[in-house]
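Working notes, beginning with the structure itself.
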Amino acid sequence: MTLLDVRGLSASYGKVQALFDCSFSVGDGEFVALLGANGAGKTTMLRALSGIARSSGTISFDGQRLDARPPEERLRLGIAHVPQGRGTFAEFTVDENLSLGAITLSDAAQVRRDKERWYQTFPRLRERRNRLAGNLSGGEQQMLAVARALMSRPKLLMCDEPSLGLAPAITAEIFEIFKDLHKRHRMTLLVVEQNADLTLQFADTAFVIETGHIVATSPAHEMLHNQDIQKSYLGV
């Protein structure tokens with residue numbers, strides 16, 4: 001079943017066009033990697049899908065058209081976006097950040113249950129639940145950003161460069177969490193990442209974007225071993 005269907009998506013910043021007529025789909029429960037070099041348009045793609053960047057074309061999500069819907073409505077419909085740079089609220093505690101992530105929910109008991117669920121997934125956050133987010137390490141802030149997004153009970157979790165600025169061991173831990181979300185919780189994931197080799201080991205499907213165009217699509221395990229694609233588009 002298709003959860004996200006994108007047709008002819010273009011996006012611009014003022015007079016500068018960043019995406020050109022992009023079309024792709026993401027299946028329900030699928031882990032999709034969006035790969036490409038710096039400046040290829042990966043971040044713009046996620047911003048367009050979440051409604052932050054102005055775009056044209058057709059975006060359908062869970063059977064509903066999103067084209068004219070604002071970001072907050074897309075969040076309520078089930079699209080959670082973890083931006084590049086994490087975007088946690090530094091002056092609030094870990095627990096308060098999680099509460100802010102559940103702002104679209106009205107059932108207080110459910111919010112408490114969801115917090116417990118994600119504290120089990122991110123035990124390091126439980127240990128630091130009363131610490132200010134600004135005092136966490138980079139890896140802990142990334143975990144908090146993901147956990148806060150999950151508090152909205154999304155159908156689709158989009159993450160932009162989750163490994164940015166993190167040590168390899170912490171990056172591996174983050175991707176193991178993604179694997180758990182995908183396999184055990186049946187979460188649909190769309191992950192933008194420059195570390196192609198690592199991401200392709202976890203993803204089901206991969207798209208490569210170059211200068212705003214989708215130039216390659218394949219099962220992730222095939223792209224992992226496709227030297228032509230890696231050399232031409234990923235700089236590997």
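Listing for the model above:
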| item | result |
| --- | --- |
| Subset of segment 7-48 that is under 30 Å from HIS185 (Cβ atoms) and β-branched (Val, Ile, Thr) - its residue that is surrounded by the fewest Cβ atoms within 10 Å (Cβ to Cβ) | THR43 |
| Test: residue in segment 224-233 that is at pLDDT below 95 and hydrophobic (A, V, I, L, M, F, W, C) | yes |
| Test set (1) out of contact with any Gly (no Cβ under 6 Å at 6 or more places or on another chain); (2) farther than 21 Å from ILE174 by Cβ - PRO71 fails condition number | (1) |
| Close pairs (7 angstrom Cβ cut-off, 6 or more residues apart or separate chains): without any contact (Cβ under 8 Å) to a residue 60 or more places away in the chain in segment 20-35, loosely packed, with under 15 Cβ neighbours inside 10 Å anywhere | SER25/THR2 |
| Candidate set from segment 66-85 (those that are within 13 Å of the chain's Cα centre (by Cα) and of a type outside the set (A, V, I, L, M)); member that is modelled with the lowest pLDDT | GLY85 |
| Helices (runs of 4 or more DSSP H) (entirely within segment 77-159) containing at least 3 residues that are surrounded by 21 or more Cβ atoms within 10 Å (Cβ to Cβ) and free of Cβ contacts under 8 Å to residues at least 60 places away in the same chain | 94-101, 138-150 |
| Segment 205-224, residues that are surrounded by fewer than 17 Cβ atoms within 10 Å (Cβ to Cβ) and not polar (S, T, N, Q) | HIS213, VAL215, PRO219, HIS221, GLU222 |
| Hits in segment 54-65 (condition: crowded, with 16+ Cβ neighbours inside 10 Å and either more than 18 Å from the chain's Cα centre (by Cα) or at pLDDT below 95 (or both)) | SER55, GLY57 |
| Matching residues in segment 199-228 - criterion: being in a helix (DSSP H, G or I), under 30 Å from GLN17 (Cβ atoms) and in contact (Cβ under 8 Å) with a residue 12 or more places away in the chain | THR199, LEU200, ALA220, MET223 |
| Filter pass, LYS183 being at pLDDT 95 or above and surrounded by fewer than 19 Cβ atoms within 10 Å (Cβ to Cβ) | no |
| Segment 160-186: number of residues that are aliphatic (A, V, I, L, M), outside any helix (DSSP H, G or I) and free of Cβ contacts under 8 Å to residues at least 40 places away in the same chain | 2 |
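The values are calculated or read from the model by the stated rules, or taken from the named source; none is laboratory data. What you see is a predicted model; the values in this text were computed from it and never measured. Cβ atoms come from the backbone with ideal geometry, glycine included; neighbour counts cover every protein chain shown.
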